[in-house]
C-alpha cells in the first residue's frame, strides 16, 4: 500500500525526485494556462475552427513547456541536443497535438447535443483539450525523466 498522506507527500516533495515532480507539475500548469488562453481567444473571439485553434494553442504552449521543463524541472543548461532532446520532445508534443485535436474536433462536433451556446461549445472544447493532455501527463513525465533529460553521469577512466 502506498502512503499518500499529506505529511508523506510533503516529505517526498522535498527530495530531489519530488522537487522534479513538483516543478514538472507547475510547468504543466503554466502550459495549460497558456494553451487555454490561446484556445479561448481563437475559438471564442476569432471564431476559428476547433482544429486550427487547438493546433495553434498546442504549438504556442509547447515552446515555454520545453524550455521550462529542460531548464527548471530537470536543471539542464547549455545548448539543447537536437536528436536527444528537441526532436523527441516535439514528437511527444505532436502526439499530444493529434490526440487533443481529435478530442477538440469530437467535442465541437457533438457539443450541440449539450448546448447551443457559443460559450458552452468553447468551454466543452477547452475541457476536451485539458482531458486529453491529462491522460498523456504521466507518460510524458516518464519519457522526460528517464530518456530526454535523464541525468547520465560521465564515466571517469579507471
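Here, each number is a calculation from the coordinates, and none is a lab measurement. Just so it is clear, the model here is predicted, and its values are computed rather than measured. Cβ atoms come from the backbone with ideal geometry, glycine included; neighbour counts cover every protein chain shown.
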If you take the residues in the stretch 86-120 that are surrounded by 20 or more Cβ atoms within 10 Å (Cβ to Cβ) and more than 16 Å from the chain's Cα centre (by Cα), which one is farthest from residue 150 (Cα to Cα)? 111
Any residue at all in the stretch 125-137 that's over 30 Å from residue 18 (Cα atoms) and assigned to a helix (DSSP H, G or I)? yes
Cβ-Cβ distance below 6 Å, separation of 6 or more or different chains: which pairs start in the stretch 115-137 with a residue that is more than 19 Å from residue 96 (Cα to Cα) and end on one that is assigned to a helix (DSSP H, G or I)? 121/111; 122/43; 122/44
Given the condition crowded, with 17+ Cβ neighbours inside 10 Å, under 26 Å from residue 149 (Cα atoms) and within 13 Å of the chain's Cα centre (by Cα), answer yes or no: does some residue in the stretch 42-58 qualify? yes
Just a yes or no: is a residue in the stretch 36-57 touching a residue at least 24 places away in the same chain (Cβ under 8 Å) and over 17 Å from residue 122 (Cβ atoms)? no
Out of (1) without any contact (Cβ under 8 Å) to a residue 40 or more places away in the chain; (2) surrounded by 13 or more Cβ atoms within 10 Å (Cβ to Cβ); (3) within 25 Å of residue 17 (Cα to Cα), the one residue 79 does not meet is (2)
